[in-house]
Amino acid sequence: MTDSVLPDRIPEAISTCNLSDAMGRRGSLGAFQILSPPGATVYGKAVTCETNNGDWWAVVKAIDAAGPGDIVVATSLNGNSKAIMGELLANSAKLRGVVAMVIDGAVRDLPELKALGFPIYAKNFVPNAGDPDREGKVGVTITINGVGINPGDFLACDGSGVVCVPKGEIREAINKAEAVVEKESAIRKQIAEGKRLTDILNF
C-alpha cells in the first residue's frame, strides 16, 4: 500500500481536531455550516472543482467524475450570493457513493438536504441558484482558507469541520493522530482523578 491509497481502517477515535494537531495545526479548511448526521469522522479522496458564483456546471461534472468513497469539494471563486449546489446534486452524489460534499460557496434547498441525511459542509445557504455557464474546471488544485487541495488528497469531515491531508502524508498523519488521541486520553484520565490542568500541562 502506498501513501496515496486510503488505509483500509482508520481508527474511529481520530477526529479532524486530532489530525490538525498531528500536522502541526495545519489542514483546516476554515469555518463551515455543517449538515451532517451524528457519527464518526468521514474520510475520502478529494474530487476537486472550481467555479464562479452560481455556476453549478462544474459541480455536476465533479459528481459525475466521483466514485464510491470520494468527497466532492468545490470552491466558488468570486462570491457566494448564488447557490452552486442543491438537493438534486446532493442526491445524485449520494447515490453515486460519494460520502460527503464540501462547498466553499452557497448551497440551497436546506430542508431537503437535512432530510437527505448526507454530510454537507457549506459556507452559507441561499434560496437562489445561478446558471450553468460551463466556465468551471474539474480535477484542478483549489485553495480554501489558504489550504491547497489537490485531486486525490484526503479529506476528513466531522462535527468540527474539514481537514485536508496531502495524499503523500496520510499514513504519517494517522499515526501521529493516534498518538494525539492517546495523549489526550491520558490527560482526560488525570482530570477525572481531580488533577488540575495547570499541573498536568506544567503551566
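The values are calculated or read from the model by the stated rules, or taken from the named source; none is laboratory data. Bear in mind the structure is a predicted one, so any value in this text is a computation, not a measurement. So basically every Cβ, Gly included, is an ideal-geometry build from the backbone, and we count neighbours across all protein chains shown.
Residue pairs whose Cβ atoms lie under 6 Å apart, separated by 6 or more positions or on different chains, with the first residue in segment 38-50 and in contact (Cβ under 8 Å) with a residue 60 or more places away in the chain and of a type in the set (F, W, Y) and the second assigned to a strand (DSSP E or B) and surrounded by 23 or more Cβ atoms within 10 Å (Cβ to Cβ), are Y43/A156.
Please tell me if V126 is surrounded by 24 or more Cβ atoms within 10 Å (Cβ to Cβ) and either of a type outside the set (V, I, T) or modelled with pLDDT of 95 or more (or both). Let's see the steps before the verdict.
On the way: surrounded by 24 or more Cβ atoms within 10 Å (Cβ to Cβ): no; either of a type outside the set (V, I, T) or modelled with pLDDT of 95 or more (or both): yes.
No.
Listed by position, the helices (runs of 4 or more DSSP H) inside segment 85-203 whose residues that are within 27 Å of R26 (Cβ to Cβ) and of a type in the set (A, V, I, L, M) number at least 2 are 170-192, 197-200.
Could we say that V181 is surrounded by fewer than 20 Cβ atoms within 10 Å (Cβ to Cβ) and either under 16 Å from P11 (Cα atoms) or touching a strand residue (DSSP E or B) at 6+ places or on another chain (Cβ under 9 Å) (or both) here?
Taking the combined requirement at face value, the residue satisfies it.
Looking at segment 64-78, is at least one residue more than 20 Å from P151 (Cβ to Cβ), out of contact with any Pro (no Cβ under 8 Å at 6 or more places or on another chain) and not in a strand (DSSP E or B)? For segment 64-78, residues more than 20 Å from P151 (Cβ to Cβ), out of contact with any Pro (no Cβ under 8 Å at 6 or more places or on another chain) and not in a strand (DSSP E or B): present. Looking across segment 152-161, the residues that are touching a helix residue (DSSP H, G or I) at 6+ places or on another chain (Cβ under 7 Å) and over 11 Å from G44 (Cα atoms) come down to D158, S160, G161. Kindly establish whether T143 is out of contact with any Cys (no Cβ under 9 Å at 6 or more places or on another chain) and of a type in the set (V, I, T). So T143 fits the description; yes. Taking E169 as the residue in question, decide whether it is out of contact with any Lys or Arg (no Cβ under 7 Å at 6 or more places or on another chain) and either surrounded by fewer than 17 Cβ atoms within 10 Å (Cβ to Cβ) or without any contact (Cβ under 8 Å) to a residue 24 or more places away in the chain (or both). Spelling it out, it is not the case that E169 is out of contact with any Lys or Arg (no Cβ under 7 Å at 6 or more places or on another chain) and either surrounded by fewer than 17 Cβ atoms within 10 Å (Cβ to Cβ) or without any contact (Cβ under 8 Å) to a residue 24 or more places away in the chain (or both).
If the condition is being surrounded by fewer than 20 Cβ atoms within 10 Å (Cβ to Cβ) and outside any loop (DSSP other than H, G, I, E, B), then segment 22-34 contributes Q33, I34. Restricting attention to segment 67-88, which residues are buried (at least 24 other Cβ atoms within 10 Å of the Cβ) and among the aliphatic types (A, V, I, L, M)? Those that are buried (at least 24 other Cβ atoms within 10 Å of the Cβ) and among the aliphatic types (A, V, I, L, M): I71, V72, V73, A74, A83, I84, M85. Taking the stated definitions as given, is K94 charged (D, E, K, R), closer than 23 Å to Y43 by Cα and without any contact (Cβ under 8 Å) to a residue 40 or more places away in the chain? Criteria met by K94.
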